[in-house]
Structures are given as C-alpha cells and as structure tokens.
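Here is the structure we will look at.
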Amino acid sequence: MNSALLAKDIGAGLAAIGVAGAGVGIGHIFAALVNTVGRNPAARDKVFGIGILGFALTEAVAIYALLIAFLILFA
Amino acid sequence: MGNARVAAPTIDALGQFTLSTGLGPIGAAVNFTNANEMMLLAAVLILAALHYGSRARAVVPGRLQALAEIGYEFVRNMCLDTIGEEGRDFFPFVFTLFFFILVGNLLGLFPYFFAFTSHIAVTAVLALSVFILSIVVGLRYHGLHFFTYFFPAGAPKALAPVLIPIEILSFLSRPISHSVRLFANIVAGHVMWEVFAGFMLMLTAGLGTAGLFVSIVPLAINVVLVGFELLVAFLQAYVFAILTCLYLHDAVHLH
C-alpha cells in the first residue's frame, strides 16, 4: 500500500474525530430531557418534540464530519 | 451494491448515487433521470393518497382517510404553532415540502430505488426556494424595515459593527446548512449500509466458510440501520419543514 493511500485513511480517521463533539452534545440534550421529564412529567409531550428537534440538529453536525470522512475514503 | 469480485472486494460506496436515464429512449432524449422518476413517483403517491384519503369523508375515518387527516393536522399545527396566525398562508407550501421530502426519503430506503434527496442539487433547490421565499415575505410584510432584522432591537449601538456582519452571515448561511443537513443525512445512511454490506463480502472473501458465519454481525448491524434510517427519514423531513417554519416566522415577525 503506498503512502498516499495511508495518508487518505489517516485523514478520514481525523475527520471522524468531529463526531465526538456531537456525541457530547446529544448526551447533553437527552440528559436535559430526562431531567425535565423527571421534574415535571406533565410536560413530557411538549418537551419531547423539542428534544427530538435538538437531537436531529446536533446529529446533523456529526453527519457533516462523517460525510467528510466518507468523501475522503470513497470519492 | 458493492463489487462482488471474490478476489479482493472493494467498497464502492458512492456508486449507488450515480444518475442514469430513465423511461427508455424518450427519457434519454430529455435527460429524464432515475431521480426524476422517483420524484414523479413520490408526487403521484402523495396525490393519490390525499385524493383517495379525502374522498370517503367518513365521520369515523378509515385507514387512508386517517393517514391524510393526521398528516394534514400535523403539518397545520406545526405551521400555526411556529409561525403564528400567518402560518395559514404558508401551510400549503410547508405541507408540500414536508411530504415531498418524506416520501422521497422513504422511497430511497427500498432496494433498487433511488433516494433523490441524496443529491445536493435537489436539496439546494428546495432550501434556496425557502430562502428566497423568506426574503420576499419579509420585504412584502415590512418593506425596507425588514433590514432591521440584522440589528436586534435593544442591542447597544456600539455593538453594531460586530453584530450586523454576524447576523448577515448567519442569515446567508441558512440555505447552506438547510440543504446540506438533509443531503448529508441521507447520503451517510446509504453509505453506511454499503460499507457494512462490503464488510460481509470482505469477510467471506478473507475467511471463507468461517467468514459466512462472522458476517452475520455486519448483517445484524445493517438490519438495525434500516430502523435507524426509517427514523432519520421522518426526522429530517420534520426538521426541514420546521426550519422552513422558523425562517418564515423570522421573516413575518422579525425576531
């Protein structure tokens, strides 16, 4: 395997590090969601939608990083 | 699908998004692609479901009528809750966007079907139409007063040189994040399937019969991913629609 291909793999690995940040973010969102529902179970339906929206927006950031990694590997 | 060469299987993850012409020679003459076929199919499916769903008009709705009613009320509530009273005017637009993207995402989950939302050209046009609409609506409702949007009321005047460029930049980057979010989610999901399917080929090529048993693991992951992609298909259509509502809310109410 030549060094250019190896560098490509390393680059893809580095690009995937960005996913870690989104992992922390999604953890925070669901922690807050559980906290809120624990304190006020009546608010569950209202808060759940907002939580899922926050999850989707944060997950998109992880997907950006993953997409860059995929593009390095396969494009 | 991945190259089935037994000697050294490679993962051709992005090959599944290649456009080809559809509808035979007529389609080839007008560059009618397989993505356009799927768009047409999505539009026909939505129109048929709504047509037959709203035909019965029963007090106790049947399945199709319930589907149409739930979809209608879901998007309508989303519009009214986010935009406010003016949401009624934008409801048809948001409804069309939501169902077009949702059915497009769902069609892409079927084998041999094509996810047209996996092309940035498609999502960029959808996001740009929302962007341009929000500018037109802002100018229509507020005239030139719309530009005060870039300087929030009550902020200290001294901050203007910092705040205004930031606000303008964040406004201009909306269509980019709006379109890339949808396209990247769909692409990443499909690539993930392809990668794990490629692992199965690699395992069987590398380990022989033992590999057949080990490749149950990537197969199981792919099965889980189907469920995850189903969630993503709904979620991203919802996110696209609700962000459209939020942008329109900003245009109508200026913060």
Would you mind stating whether B:Leu254 is surrounded by fewer than 18 Cβ atoms within 10 Å (Cβ to Cβ) and closer than 24 Å to A:Gly49 by Cβ?
no
Failed item, numbered, when B:Pro61 is tested on (1) of a type outside the set (A, V, I, L, M); (2) farther than 18 Å from B:Thr96 by Cα; (3) crowded, with 17+ Cβ neighbours inside 10 Å:
(3)
Please work out if A:Ile17 is among the β-branched types (Val, Ile, Thr), farther than 23 Å from B:His190 by Cα and surrounded by fewer than 17 Cβ atoms within 10 Å (Cβ to Cβ).
no
Go through (1) under 30 Å from B:Leu41 (Cα atoms); (2) away from chain A (no Cβ under 14 Å); (3) in contact (Cβ under 8 Å) with a residue 60 or more places away in the chain; (4) hydroxyl-bearing (Ser, Thr, Tyr) for B:Tyr149 and report which single condition fails.
(1)
Being more than 14 Å from every other protein chain (Cβ to nearest Cβ) and either under 13 Å from the mean Cα position of the chain (by Cα) or farther than 20 Å from B:Val232 by Cα (or both) is the filter here, so list the residues in segment A:25-34 that pass it.
A:Gly25, A:Gly27, A:His28, A:Phe30, A:Ala31, A:Ala32, A:Val34
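For every residue, the table says whether it meets (1) in contact with a Ser or Thr (Cβ under 7 Å, 6 or more places away or on another chain); (2) in a helix (DSSP H, G or I); (3) at pLDDT below 90.
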| position | (1), (2), (3) |
| --- | --- |
| A:Met1 | no, no, yes |
| A:Gly23 | no, yes, no |
| A:Ile29 | yes, yes, no |
| A:Val34 | no, yes, no |
| A:Phe48 | no, yes, yes |
| A:Ala60 | no, yes, yes |
Going through segment B:111-167 one residue at a time, which ones are in a loop (DSSP other than H, G, I, E, B) and surrounded by fewer than 17 Cβ atoms within 10 Å (Cβ to Cβ)?
B:Pro111, B:Tyr112, B:Phe113, B:Phe151, B:Pro152, B:Ala153, B:Gly154, B:Ala155, B:Pro156
Just name the residue that is nearest to B:Phe196 (Cα to Cα) out of those in segment A:35-75 that are over 20 Å from the mean Cα position of the chain (by Cα) and facing chain B (nearest Cβ under 9 Å).
A:Phe74
For segment B:21-97, which fully contained helices (runs of 4 or more DSSP H) count at least 1 residues that are of a type in the set (S, T, N, Q) and either in contact with a Cys (Cβ under 8 Å, 6 or more places away or on another chain) or free of Cβ contacts under 8 Å to residues at least 12 places away in the same chain (or both)?
B:63-83
Going through segment B:210-249 one residue at a time, which ones are surrounded by fewer than 17 Cβ atoms within 10 Å (Cβ to Cβ) and in contact (Cβ under 8 Å) with a residue 60 or more places away in the chain?
B:Val226, B:Leu230, B:Phe234, B:Leu246
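The values are calculated or read from the model by the stated rules, or taken from the named source; none is laboratory data. Owing to the predicted nature of the structure, the values given are computational and were not obtained by experimental measurement. Please note: Cβ atoms are built from the backbone with ideal geometry, for glycine as well, and neighbour counts cover all protein chains shown.
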